[in-house]
Structures are given as structure tokens and as C-alpha cells.
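Shown next, in C-alpha cells, is the structure this report addresses.
Each reported figure results from applying straightforward, stated rules to the coordinates on display, with no laboratory input. It should be emphasised that the depicted structure is a prediction, and the values quoted were computed from it without experimental measurement. Here the Cβ positions follow ideal geometry from the backbone for every residue, glycine too, while neighbour counts run over all protein chains shown.
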Amino acid sequence: MYRQWVLTALIAWPLIAGAGVLLAPTRWAKHLALVASLIEFGLSVPLWWMFTPEGGVQFMLDAPWIQNWGIHYTVGVDGISLFMVLLTTFLVPLSVLGSYSYITTRERGFYSLLLVLTSGMIGVFVSLDLFLFYVMWELMLIPMYFIIGVWGGERRLYAAIKFFIYTFFGSLLMLAAILVLVRVVGQRTGVYSFAYSHLVSHIGGLGSLAFWLFGAFALAFAIKVPMFPFHTWLPDAHVEAPTAGSVILAGILLKMGTYGFLRFAVPLFPAVALHPAVQQIVVLLALIGIVYGGLVAMVQPDFKKLIAYSSVAHLGFVMLGIWALTLQSVQGALMVMINHGISTGALFFLVGMLYERRHSRLIEAFGGIARVVPMLAAVLTIVSLSSIGLPATNGFVGEFLVLVGVFRSYPLAALIAATGVIIAAMYLLPALQRVIYNPLDKSANEKLPDLSLREITVLVPLIACILWIGVYPQPILRRIEPASRQFVQTVRLNAAAFTATR
Amino acid sequence: MSLDLSLPADLLRALAPELVLTVAAMAVLLVAAWRHKTARDSRVVGWLALLALVATAAAAGWLWWNGARPVGAPVMVALDDFRLVVDWLLLAAAGLTVVLSFDYVERERLLAPEYYVLLLFATLGLMFMAGGDDLMVVFLGLELMSVSVYVLAGFNRRSPAAAEAALKYFLLGAFASGFLLYGIALVYGATATTSLTQIGTQVRTLGLANSPMLLAGLGLLLVGFGFKVAAVPFHMWAPDVYDGAPTPVTGYMATAVKTAAFAALYRVLTEAFAGVAAWHDIVGWLAVATMVAGNVVALTQRNVKRMLAYSSIAHAGYLLVAVAVGGNAGAGALLVYLVAYALTTLAAFGLLAAIGRDGEREVRIDDLSGLAQRRPWLSFAMAVCMLSLLGFPGTAGFIGKWYILVAAADAGRLFLAVVLVLTSVVSAGYYLPVIMAMYMKPEPFEQAHADVRLGRLGAAVVAASVAGLLVFGVRPNRLLDLAKATGEGLHAGPATSAAAPPSPPPPPAPSGR
């Protein structure tokens, strides 16, 4: 019962709750949303224990949806998607709680959109039917568009439409590619089906068509990740979005891009993904992302923008890990995905808290506030160190695994990527110093209140995860290992086979 | 039920929907002649018109339910599911237009009940146009519709814009009719018949596929229809006419008229010109031009009504893709898209009629600023309409677009599919600002939208349309089955009749439908 329905419940519950929040009185909205998201989290927690690492895809449910076109409602999780689902259900209650005082207008709409967004995100991670995946992929676009556009900062309209058009462009090309893919496989096998398992097992080598299809998928995902030349929507969206929007955007939405590569683009077109030219381009772009993202972050006067650019760098590690295609690097990539969600999510919360106190995100507006708000300063320090990748924090585990894995395939790339860690220290530590240390020379900063109980409640789970994963990542690694191993093996095997049969 | 159309009684049965509407429209005209003074009179005539439409729909439903099929080749009028399903769509669009007009005509003081009578006659013309199996019937239907709509477009006689719209529509419509008639004459010259099925047979048996006269006739027919569906480069009249006409009439023109024109175009091309391959490419290029020009020009519009006018040109482009694909898939895609498009567009124009005040010509996109705070449900409905027009998943518009994409990809017309996808991205650039204005911009001044009001009936119609959009967007199975069966029925007819003229009647449809 639980095994079959849990994922559907995780998709449906936030939708129902979102409608409820919309209809309830305004003053209850945030509390209802908090309760609803906690129930959602509670629903998802047993996944952690009931998941069998070697069991492949689990918690499956498959029902016909639009039979005329061979479309099914198929959901399930494996080692790759499990932690994305858990990360989503974990971050949403915190985002709701973190928005309690930030969102003061049209609260019902905000919280109900946040819940609808949750449905879309879970749907993206659990869909095993390409049509369903596409629908979910688009569905989460609308709530995010509204969250940025309605509750965002001054340039929110520009940021919202930029975010929408970039993503929409990529995803429509992906839609066309899905269509062609199903048609080609359908002609070959006589079965027109959008089922992921059917497509991935019957796709075979497609010759030059595979390049175009891979290109369409890769463009959609690369925009979302975002990879280097397609990243320009990200700083705008992040800076203008309200705190919860930034947290969700960085914590989960960006992972959809890398998840898309792991689940769809690479396994469906392994021969293209491992084609030397494609490999070189992706690795190069990932490295540019790491170095360029770090360097640009270094000169940002706006703390939020700094974190936004640091995301570009972190996601570069993920892309590098996926393309190195060794067990360690893929595991590392998954770990970076999880860690980036936690650490960067926490950083955005902290910047939001600073903004609520001072109504400025500029680094130079602060200085020496460690004396005024010691707790906030301590938390900010821990989170920054974890984002840099200090040993004993979660950031270290992921990036270290990626670097070790990448070193086997591309030693030079590993070397350059390793400088990314140093660059991370070079942009975060000075910023940290200028915000919380240095002399306390601005009178506006002298009366800042320290963390409230609510804010502590938001941050404690994140800090706990940072330290826990940093010290003892084994439970997570154990759960993602079989799936990563299988990913690496099948991709390498199929790539060889498809190249031979081309 | 098989009807022998050479027998008068069976012919009458086959024409039941049209006859019902003719008689009812005459009766309503008589009522309007005596009662045309007050707002109440106008309302009474409106309700009677609605009743007439319902009765007609029932007659069409009766034929459909009994699976009416002609014995042998159809005579003058087609008798297949395609005609009946399109009839329903036309009647539904007309009915929604009538309901949305109730408040509008009172607010704009257009208290002449002939308004509704003209709508009935226009609908009758559309039904003949979409159901005609003979070029003459198609032409007569088109003229009946056109004359009624010329008057409707200029119905607001106090508005110079409406007068301009009527005159423009009249002049260019007459021009288009000329092309169409000349095309019919040339086709008749080449094949010695105006019956669609017989033209198809003649083209095949006499090997006329490359006859210059037939091709010239086909070209002129395409130009004529191109004017009626507002395909680029024959679209110049559309923005001004849509902009100047009363808003419900604009909605009617953008949905019902377009639906019938597309149904007629599709029938003519696939029945009469099945043997001529050239039109697939010609229509394909028309589609590309229409999609690109419609979408790009719509980007620059600041006036909501004009933006919707250009958007309807863009949608004509998507529909032309379905026509260019042809075959069963094309017919199915055409029907599904027409349903989705008609629902969305009618709801959008209904909402626009409510938002606009006296002389709603001036509703700019920025005038919608902050509407969501004042009228949350109305804004929600408008947002759903915009997303459906954009083709966003979860709405019927997406299913329609997807069907066209599937049909185009299956027919190997990937170029059309890619252009459709890319122009859809462009369309986000003009649909989203409407949503942005409503939700993300502040009200320009206090009480800016205080007098925006949608009557109870109008609200019910819009709510039903929006619910339909969402339901079809999530669960389109029934609609798809219907469209598929209908598309197959359209092509079953001529194929069998060409093989052996007195073809055996198809088995009666299972009553379980």
C-alpha cells in the first residue's frame, strides 16, 4: 500500500493542500502551509528506510493515462532520485518557515504556489514516463514564475520573464525531441510508448539523429543547470526572488538540470555523450563554469549575487562528475547535488535574514556584526565553510569524491577544478570577513537583533545535515552506490555497443 | 441509419439540423420584428436564439447518435461525423457568444434584437459551409455567413471603428469571394462537376493531377480560404476588423467562423484534391508564414484586443499545419485544436468584454495592472486562457498543440513541427505580459477596476470554458477518441465510393457511444 502510493501521494498532497491554503483565511495561510509541508515531509521519511539500495527502481506505480498516444502515469524512485525527493520534502517546510516574516503581502497565494511548486518538483524527480516528465517539468515553471514576479525585488518582472523564456525555450525543444524519439523507437519496435524503460532499452544507435536529439535534451537541461553560456538568467532570478524562492531555486530547481542529464540525456544517448568532441565540450564548459563562476562571484558587491554565481561553480562540479563517468565521480556528483541544496539553501536563508534586518544585501552595508549578532555570525561561518568545502563539512565529501573520480578520466581537468575549491575560499572568506568581522563602523548595524527562535528552527536542521554528512556520509553513499555503479556500467556498455552498430 | 439522399424524405432527415435552424431563425426574426424596443425584448430574443441553437444541436446529435451515413456518394451535403461534430462546435461557439452578448449589448446600448437573429443566420451559413459536399453549397454557406457577419461587425453604428471594420470586412470579403468563385469555376472547367467527391474521382480517373486549369483553380480556392481563415499573407483585414467589431462578435469571428472555414478547407482539400499532392506543400508554407508573422507582429501589440487578433492569426498558422499534414491524424488534430482554441478564445473574449468599459477598444495590456487583487477569479480565468493559448501543459491548448506536433512528426514534416515549437516560444512574449500585468504590477490608482463586472451568466460560461480547458488538459481521452473516430469517418467515405460507386452502407454505429 505505502510502497505503491507514496509517490503519488507526495505529488497529490501539496496540490490539495495548496488549494486548501488558497481558500482558507489569510492569517492561517502560513501555518496551514507549514503543517501541510511537514505532513509531506513525514510522508516521505519512510522512503529512507524502506528503500533497498540494490533494488533498482522502487515504489513504482504505473497506470494508463492517455492511451491513444501510449502515455502512462509511471512513477518510481531509484538511488539517483531518492535523495532529490527527500531533499525537496526537507527544504520545503524550512522555506515555508523561513518566509513567515519575509512575505507580508498576498500570503495565501504565495504559500499555495509554494505547495504547487512542491508537487511539480517531486513529479519531475519521480516521473518515469517522458510525457509525464515534460508535463511536470513545465508545471513547476509557473509557480516559480509567479513567486519571482509577484514577491520579488525591484527588477522582478525582468527576472521572471527571463527565467520563464529561457526555460520554456529549452523545454519546448526537449518536447520536440521526445516526440521524435518516441516515433523512431516506435517505428523500430512497433510499440509507441513514452515509458522510460521501454525507450532506454530499445533506443539503440540512432546515427546522426542522436546528436540532434541529445542536443535538444542537453540544451533544456544545460539552461536549467545552468551551464556556462546559458547561465545568465540565474543571477537575475536569484537576486530578485524572495528568500524561499531563492532557496528552492538553488536547492532543487537547479538539480533538475543535472538530474535530467543523469536520468535522460546521458542514458538515452550514451554514444553521443561519450563522443570525444561532446565530452571535450562539456568538460570544458564545466571547467569554465567552475572558474568563471568563482571569479565573477569574487567581484560581486551583492551578497546574494555572490551566492548565485557560486552556484554556477558548484554545478560545474556536478557536470564534471557526471561526465567523468567513474563510480566515485558520479557518487560525488550526486553528493554535490545534495550538499549544494543544503549549504546554498542555508546561505540564501541567512542572506534573507540579513536583508530582513538591514534591508540591504550589499556586503559593504555590513561589517563587524559578529559582536551584535553572534549566533547569526557563527551559523554564517559554518555554512560558508561548508560551501567552500572544508573537511568535516558536507561540501568536502562531494567535491573530494568528484575530484578523485575525475582525476582518473581527466587528470588535467581535475587539476583545474581543484583550483575552483581555492577560488571558493577566495570569494566566500573575504565576503565573510567584510560582513561579520572587520570593525563595526556603521551605526545602522549596532542594534540588529540576533536570530529569533523561528530562525534557529529553520537553521538547525540544515546545520545538523552539514555536520552529519560531513562526518558520516556513509548512509547516503551506501544508498546511491548501486544506482551510480549501474549508471556508469550501462552507459559505458551501451556507448560502446551503439558506436559499434552505428 | 443509412439515408438514401436521392429520396426527398431521407434528404430532409440528413438536413435536419440546418432545417431546424432555418425555421427557428425565421421564427426568431418574426419575434424580433414585433419586440425590439426594450432591453427586456432583446433578452427574450436572445433566449429564443439560444433555444434555437439547442434544438439544432439536438437534431445534429440525433443524426450522430444514429450513425447516419449516406447510401452511395453524398449529394450536395456530406453526412459523416466530421460534419456533425463540427456543427456541434459551431453551435456551442454560437451559444457561448449569445450568452456573453447579453450584458454586452445592454452596456453598449446595442439594443436591437436582430443582433441575435443575425448570429443565427451566420451560424446557419457556417453549418452549410462546413457540411457542404459541393463547392456551390460551400460557397452559398460562406456568403450567408459573410453577409450576416458584415452587419454584425458594424453593429455598433455609433462607433467609427465598427463602421471601418464592417466596410473593411465587406470589401475584402467580397474580394475573397471573387477569388473563391473564380477558383470554383476553373475547377468546374477542369472536372465538369462541383461535387467534392466527384471532383476527387475525376482527378483520379482522368489523371488531372497536373492539369493547369485544375491547379489554377486550386490556387484561387486556397487564396479565397486563406482570406477567410486570415492566413498570412491574406490576413491584412483581420486586426482592424477584430479590433473594431463588438467584442463578442470578435470572439465569434475568431472561433466559429474560423472553425467552419477550416473544416470546409479541410474537406475540400482532402476530398476533392486528394489526388493532387501539391497543396500539402503550399499549405505548409502558408502555415510557416502565418505562424511566424502572426507571432512576431503580436509581440509588438499593446492593445489586448489587437494582440488577441494577431494571436488568432498565429493560431490559424498552427491549424494550417494540421491541414498540411492531412490524413486521419490531421483531421483529428484539427478537431482537437479547434475545440481547445474555440473554448479558450471565447472565454478570453468574454473576459475582455467584461474588463472593457464603454468603447473597450482602448484596453491596453497595462490597463490590466493589478486586476488580480481586485478580481482574483476573473484574473485566474484570464491567466488560464493565456496559458492555454500558449500551449502550456495542463490545459487543452497543450493537448491540441501536442496532437498537431504528433501528426506533423508522424507525417515526416519535422520542419513544420520545429517552426511550431519555436514560434510558440515567441508567443510567450505576448501572452505572459497579460499575466504579468494582472498579477505582478500594482493597480494604477485606487478603485481602477472597481467597475469590472462579469454578469452571472457570463461568469458561468467563462467558468465552464475554463473548467473544460483544465479537464481536457489533464484528461483528454474522450475528446481524442471522438476526434480519432471522426477523422477516420471523414476518409472512409470517399475511399469506398471511389472504388465502387454504390458502396455498401457502413455498419450502424454501436449505440454504446
From largest to smallest, what semi-axes in whole angstrom does region B:161-240 give when each is the square root of 5 times an eigenvalue of its alpha carbon gyration tensor?
31, 11, 9
Would you work out if region B:435-482 is rounded, prolate or oblate? Take a ≥ b ≥ c from the square roots of the eigenvalues of the alpha-carbon gyration tensor; rounded if a/c is under 1.5, else prolate when a/b is larger than b/c, oblate otherwise.
oblate
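I need the per residue convex hull volume for chain A, using only the alpha carbons, in cubic angstrom as a whole number. Before the final figure, lay out each step's value.
Values: hull volume 64.3 nm³, N = 502.
Enclosed volume per residue, from the Cα hull, is 128 Å³.
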Using only atoms on other chains, find how many Cβ atoms lie within 10 Å of each Cβ of peptide A:125-135 and report the average.
1
Applying the gyration tensor rule to the Cα atoms of region A:388-464 (axes a ≥ b ≥ c; rounded if a/c under 1.5, else prolate if a/b exceeds b/c, else oblate), the class is oblate
Translational diffusion coefficient (Stokes-Einstein; Kirkwood radius from C-alpha pairs) of chain B at 37 °C, 0.692 mPa s, in µm²/s
144
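Test of understanding: ordering B:281, A:62 by Cβ neighbours within 10 Å, fewest first, what list do you get?
Starting with the residue having the fewest Cβ neighbours, the order is B:281, A:62.
At a 10 angstrom cut-off on C-beta neighbours, averaged per residue, how do the peptides A:128-135, B:66-73, B:410-417 rank from highest to lowest?
Details: A:128-135: 24.1, B:66-73: 20.2, B:410-417: 18.4.
Sorting A:128-135, B:66-73, B:410-417 by mean packing, highest first, produces A:128-135, B:66-73, B:410-417.
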If you take the C-alpha gyration tensor of region B:114-177, multiply each eigenvalue by 5 and take the square root, what semi-axes do you get, largest first, in whole Å?
23, 14, 5
Sorting check: for B:170-182, A:76-88, which peptide has the highest mean count of neighbouring beta carbons within 10 Å, and how do the rest follow?
A:76-88, B:170-182
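Considering Cα pairs under 8 angstrom that are at least six residues apart, work out the relative contact order of region A:276-502 and quote it in whole percent. Don't skip to the end; give the middle numbers.
Values: 339 pairs, mean separation 61.3, N = 227.
Relative contact order, region A:276-502: 27 percent.
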Taking H placed 1.01 Å from N in the peptide plane, check which residues at least 5 places from residue B:77 or on another chain put their amide H under 5 Å from its amide H.
B:133
For q = 0.06, 0.07, 0.09 Å⁻¹, Debye-computed log10 I/I(0) when each Cα of the protein assembly as shown counts as one equal scatterer
-0.49, -0.65, -0.99
Taking the beta-carbon count within 10 Å as an exposure proxy, list A:465, B:385 from fewest neighbours to most.
A:465, B:385
Quick calc, residue A:3 & residue B:106: beta-carbon distance into FRET formula, R0 51 Å, rounding 0.05, result 0.25
Peptide A:69-78, shielding by other chains (average Cβ, 10 Å cutoff):
1
Cα long-axis angle, helix B:16-34 against chain B (0 to 90 degrees, to the nearest 10):
40
Give me the extension gain from residue A:474 to residue A:191: residue separation times 0.36 nm, minus the current Cα-Cα distance, reported in nm with one decimal.
97.7 nm
For residue B:422 and residue B:300, what is the calculated FRET efficiency with R₀ set at 22 Å and r taken between the beta-carbons, to the nearest 0.05?
0.75
Ignore the peptide's own chain and count Cβ atoms of other chains within 10 Å of each Cβ in B:435-442; give me the average, rounded.
5
Square roots of five times the Cα gyration tensor eigenvalues for region A:276-502, Å:
37, 19, 12
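Per-residue counts of other Cβ atoms within 10 Å, averaged by peptide: what ranking do you get for B:84-96, B:292-304, highest first? Working shown, then result.
On the way: B:84-96: 25.2, B:292-304: 19.2.
The most tightly packed comes first, giving B:84-96, B:292-304.
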In Å, the Kirkwood hydrodynamic radius of region A:309-379 over pairs of distinct alpha carbons?
14.1
Enter the angle in degrees (range 0 to 90, nearest 10) between the Cα long axis of helix A:453-471 and the first principal axis of the Cα atoms of chain A, meaning the one along which they spread out most.
50
Given backbone amide H placed at 1.01 Å from N, residues whose amide H is under 5 Å from that of residue B:2, ignoring those fewer than 5 places away on the same chain, are B:69
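Can you bin region B:295-379 into rounded, prolate or oblate? Criterion: square roots of the alpha carbon gyration tensor eigenvalues sorted a ≥ b ≥ c, rounded for a/c under 1.5, prolate for a/b above b/c, oblate for the rest.
prolate
Work out the FRET efficiency for residue B:33 and residue A:63 from their Cβ-Cβ distance, taking R0 = 60 Å, and round it to the nearest 0.05. Please report the intermediate quantities before stating the final value.
Values: r = 58 Å, r/R0 = 0.97.
So, using R0 = 60 Å, E works out to roughly 0.55.
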In degrees, nearest 10, the alpha-carbon axis of helix B:477-499 is tilted away from the dominant principal axis of the alpha carbons of chain B by 30
Cut-off is 10 Å between beta-carbons; in what order do A:138, A:399, B:362 appear when sorted fewest neighbours first?
B:362, A:138, A:399
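For every other residue with a beta carbon closer than 14 angstrom to the beta carbon of residue B:286, add +1 if it is Lys or Arg and -1 if Asp or Glu, then tell me the sum. Please list the in-between numbers first.
Details: positive: B:228, B:413; negative: B:281.
Its environment carries a net charge of +1.
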